[in-house]
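The block underneath contains the structure these notes are about, expressed in C-alpha cells.
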Amino acid sequence: MKLCFASNNIHKLNEIRPLLEPDFHILSLEQIGCFEELPETQATLEGNSLQKAQYVYDKFKVPCFADDTGLEVEALHQAPSVYSARYAGEHRNSDDNIALLLKNLTDEKNRNARFRAVITLVGLGETVAFEGVVDGTILSDKKGADGFGYDPVFQPLGYKQSFAEMNLDEKNLISHRARAIRKLIGFLKNYPAR
C-alpha cells in the first residue's frame, strides 16, 4: 500500500520509514509533487495534523497521514505545545527554541515534560487519529548530537540519556512518534478487514 507522509522534515521521514516499510511504501511530499508549505493554522496538535493530511489528500488524491508534535512542559502550563517549532520565532531555529526554553525554566525545580504526537490518516474511507506520548524531564544543558528539535534537552522517564544521545533504533522503541505510528500500523494491518 502506498501512503504519503505529509512532512518536509527529513528527520521525521527517516524515523518513520523503518517502522512502516516494507509493508507500506511511504512516499514523501516531493515524490507526489507537493512542494508547497503545508498549512498549520490550527490551535491544537490534533487540528494541525488533520489540516495537513486533508490538504494533501484533497489536492493530490493520495492516502496520506500527517503528524503534529509538541513538547509540553508542566511548569510552563504545557507550553510550547503546538508552537514548539516556532517557540523562539517564525524562523524555526532549534537552538534558539532550546535557549528560550532553558531561559524560561531558569531556577524552576519542576522540569517535568512530555512529547506528544498526533498522527491523522485521511483517504482510506474514514479519518482517524492516533496519539503517542512519552514522559520525561528537561535537562539544564544540551546532551548528545543526534536527533533534532528539543531532543538534546529531553530525557525520557526511566532513562539516563537524552533523546539526542540515543541512536535511531533506541529512540524508535520509546518515542512519542513511534508510539503513535505503532497505533497507525495496527489500524493499517487490519484495514482490509474493516
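The values are calculated or read from the model by the stated rules, or taken from the named source; none is laboratory data. If you're wondering where the values come from, they're calculated on a predicted model, not measured in any experiment. Cβ: placed from backbone, ideal geometry, glycine included. Neighbour counts: every protein chain shown.
Working only within region 148-177, note down all residues that are small (G, A, S) and touching a Ser or Thr at 6+ places or on another chain (Cβ under 8 Å).
In the first step, residues of region 148-177 are kept if they are small (G, A, S); the result is 149, 158, 162, 164, 175.
The one that is small (G, A, S) and touching a Ser or Thr at 6+ places or on another chain (Cβ under 8 Å): G149.
The residue pairs whose first member lies in region 139-160 and is farther than 21 Å from E108 by Cα, whose second member is surrounded by fewer than 21 Cβ atoms within 10 Å (Cβ to Cβ) and polar (S, T, N, Q), and whose beta carbons are closer than 8 Å, counting only pairs six or more residues apart or on different chains, are G144/Q161; D146/N167; F148/N9; F148/S94; G149/S94. Restricting attention to region 103-128 and to residues that are of a type in the set (A, V, I, L, M) and free of Cβ contacts under 8 Å to residues at least 60 places away in the same chain, the residue that is surrounded by the fewest Cβ atoms within 10 Å (Cβ to Cβ) turns out to be V128.
Could you please find all residues in region 28-43 being assigned to a helix (DSSP H, G or I) and either within 15 Å of the chain's Cα centre (by Cα) or farther than 16 Å from L121 by Cβ (or both)? I'd like the intermediate steps shown before the answer.
If we filter region 28-43 for residues that are assigned to a helix (DSSP H, G or I), which is where we start, we get 30-32.
Listed by number, the residues that qualify are E30, Q31.
Per the listing G132, G147, the residue uniquely touching a Phe, Trp or Tyr at 6+ places or on another chain (Cβ under 6 Å), within 21 Å of S81 (Cα to Cα) and of a type outside the set (S, T, N, Q) is G147.
For every residue, the table says whether it meets (1) modelled with pLDDT under 95; (2) crowded, with 19+ Cβ neighbours inside 10 Å; (3) not polar (S, T, N, Q).
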| position | (1), (2), (3) |
| --- | --- |
| P22 | yes, no, yes |
| H25 | yes, no, yes |
| E46 | no, no, yes |
| D67 | yes, yes, yes |
| V73 | no, yes, yes |
| E90 | yes, no, yes |
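If L100 satisfies all but one of (1) without any contact (Cβ under 8 Å) to a residue 24 or more places away in the chain; (2) within 17 Å of the chain's Cα centre (by Cα), what's the number of the condition it fails? In the conditions (1) without any contact (Cβ under 8 Å) to a residue 24 or more places away in the chain; (2) within 17 Å of the chain's Cα centre (by Cα), L100 misses (2) alone. Screening L38, L29, L50 for residues that are touching a Lys or Arg at 6+ places or on another chain (Cβ under 6 Å) and more than 23 Å from I174 (Cβ to Cβ) leaves exactly one candidate, L38. Being among the aromatic types (F, W, Y) and either part of a helix (DSSP H, G or I) or without any contact (Cβ under 8 Å) to a residue 60 or more places away in the chain (or both) is a condition met by no residue of region 11-27. Would you please name the residue that is modelled with the lowest pLDDT, looking only at residues in region 92-103 that are touching a helix residue (DSSP H, G or I) at 6+ places or on another chain (Cβ under 9 Å) and within 20 Å of P156 (Cα to Cα)? Among residues in region 92-103 that are touching a helix residue (DSSP H, G or I) at 6+ places or on another chain (Cβ under 9 Å) and within 20 Å of P156 (Cα to Cα), the one modelled with the lowest pLDDT is S94.
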